[in-house]
Amino acid sequence: MTESVNFNVIGTIDSPYKEKFAIPRQPGIVTAAQGQLRLTGLANNDELVRGLEQFSHIWLLFVFHGTQSQGWKPLVRPPRLGGNKKLGVFATRSTFRPNPIGMSVVKLDRIEQCSAGQNNVGQKTSQVILHISELDLLDGTPIIDIKPYVPYADIIENAHGGYAQNQPSNNITIIFSQAALQTLADNITLYPSLQSLIEQVLKQDPRPAYKQNKTDDKIYGMSLYHFNIKWQMSDLSTLQVMTIEATTNHTV
Ligand code: SAH
């Protein structure tokens with residue numbers, strides 16, 4: 001590559017997805033996922049988002065910071081094709097790209113400006129927060145741009161989606177152990193949608209591509225917010241959440 005450009009990060013994501021494993025493969029699929037985008041630096045100014053509240057959805061352009069250091073290859077194996085067929089990186093939405101830039105349409109729930117205390121010369125500081133949902137972003141994701149989602153231009157009727165035409169469908173029923181249900185009940189006030197979030201995430205069957213449509217007795221762990229969740233496939237169409245444990249690292 002001959003030329004390079006620099007961008008400034010304009011915000012950071014707070015997401016329930018604390019690790020890559022089990023994050024949905026596109027936004028909009030897990031509707032119970034809620035997060036925040038905190039604007040930073042010169043972009044942390046409500047003038048930049050004036051009028052944005054008129055839009056129900058926004059495009060976020062971001063850096064795949066969690067996989068950036070692993071580089072890229074010209075060919076990748078999309079999970080959608082079972083992980084055993086290679087396609088050109090530009091024919092996929094892989095995170096391992098020459099420029100590790102991702103794009104996601106997320107729902108814009110509301111924009112908040114709150115007081116963030118005082119700076120070191122005693123001036124009041126404020127923080128602009130965009131409350132978003134249906135995201136597919138890892139916690140801490142650096143955002144490099146926000147654009148309104150404009151339906152007349154962004155919806156393309158009759159577009160061809162090639163090997164990814166339709167959303168993958170799984171008929172998996174999620175069941176919760178008594179212990180897991182108890183933890184959900186204990187946390188219902190602070191995390192009212194935790195059960196839906198777990199159900200929607202697991203319905204995607206987050207296991208590696210080569211295990212799709214195969215049974216497996218491995219116990220998997222995933223983290224959402226500060227909860228450590230253990231689950232196992234009972235059979236091809238049933239997945240059981242065994243335990244939900246709060247770790248000490250508590251963030252809402
Ligand atoms: N909608 C985006 C992302 C598609 S890839 C796009 O099309 O560009 C989706 C995967 O990105 C998720 O499964 C998640 O594991 C991964 N991901 C999300 N945020 C990330 C980050 N900050 N760093 C690395 N990977 C990330």
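Overall, segment 181-234 carries a charge dipole of about 220 debye about its Cα centre when +1 sits on the Cβ of Lys and Arg and -1 on the Cβ of Asp and Glu, all other atoms neutral. Between Gln165 and Thr248, the C-beta separation translates, for a Förster distance of 41 Å, into a calculated FRET efficiency of about 0.40. Residue by residue, segment 197-213 carries 3J(HN,Hα) couplings of 4, 4, 4, 5, 5, 6, 4, 6, 6, x, 5, x, 3, 6, 9, 4, 6 Hz when phi is fed to the Karplus relation 6.51 cos²θ - 1.76 cosθ + 1.60 (θ = phi - 60°); x denotes Gly or Pro. Looking at segment 128-211, the GluC sites (Glu not before Pro) that sit in a DSSP loop and have at most 13 other Cβ atoms within 10 Å of their own Cβ are Glu157.
For the set Tyr191, Tyr225, the ranking by accessible area, highest first and with no ligand, DNA or RNA atoms included, is Tyr225, Tyr191 under a 1.4 Å probe. Placing R0 at 30 angstrom, the Cβ-Cβ distance between Val9 and Asn228 gives a FRET efficiency of 0.55 after rounding to 0.05. Working value for the chain: equivalent-ellipsoid semi-axes of 31, 26, 17 Å, each the square root of 5 times a Cα gyration tensor eigenvalue, largest first.
When the trypsin sites (Lys or Arg not before Pro) in segment 39-109 are filtered for DSSP coil states and for at most 12 other beta-carbon atoms within 10 Å of their beta-carbon, the remaining sites are Arg50, Lys85. The residues of the chain present an accessible area of 60 Å² per residue when probed at 1.4 Å with all protein chains retained. Loop-located trypsin sites (Lys or Arg not before Pro) in segment 175-252 (DSSP state other than H, G, I, E, B) with a sparse environment of at most 12 neighbouring Cβ atoms within 10 Å: Lys214, Lys218.
Modelled this way, with points 7 Å down the Cα-to-C-beta line, the labels at Lys214 and Arg38 are 4.2 nm from one another. A full extension of the chain between Tyr149 and Ala91 corresponds to an added length of 18.6 nm, given 0.36 nm per residue minus the alpha carbon distance.
Lys-Lys pairs in the chain that are eight or more residues apart or on separate chains and whose Cα atoms lie under 16 Å of each other come to 10. Among the protein heavy atoms of segment 18-122, carbon and sulfur supply 51% of the accessible surface, probe 1.4 Å, non-protein parts ignored.
Here the calculated FRET efficiency for His131 and Gln178, from their Cβ-Cβ distance with R0 = 30 Å, stands at 0.35, rounded to the nearest 0.05. For the pair Gln54 and Ser193 in one chain, pulling the backbone fully straight at 0.36 nm per residue adds 47.5 nm over the alpha carbon distance. Taking Ser169, Ser196, Ser177 as the candidate residues, the one with maximal mean-square fluctuation in a Gaussian network model of the chain, Cα springs under 10 Å, is Ser169. Shown for segment 149-252: the carbon plus sulfur share of the solvent-accessible area, taken with all protein chains present and a 1.4 angstrom probe, equals 51%. Can you grab the distance from the C-alpha centre of segment 111-185 to the C-alpha centre of segment 24-40, Å, no decimals? Going from one Cα centre to the other spans 1 Å.
The values are calculated or read from the model by the stated rules, or taken from the named source; none is laboratory data. Keep in mind the model is a prediction, meaning the values are calculated, not measured. So basically every Cβ, Gly included, is an ideal-geometry build from the backbone, and we count neighbours across all protein chains shown. Surface accessibility is based on the protein's heavy atoms, side chains included, excluding ligands, DNA and RNA. Shrake-Rupley method; radii C 1.70, N 1.55, O 1.52, S 1.80 Å.
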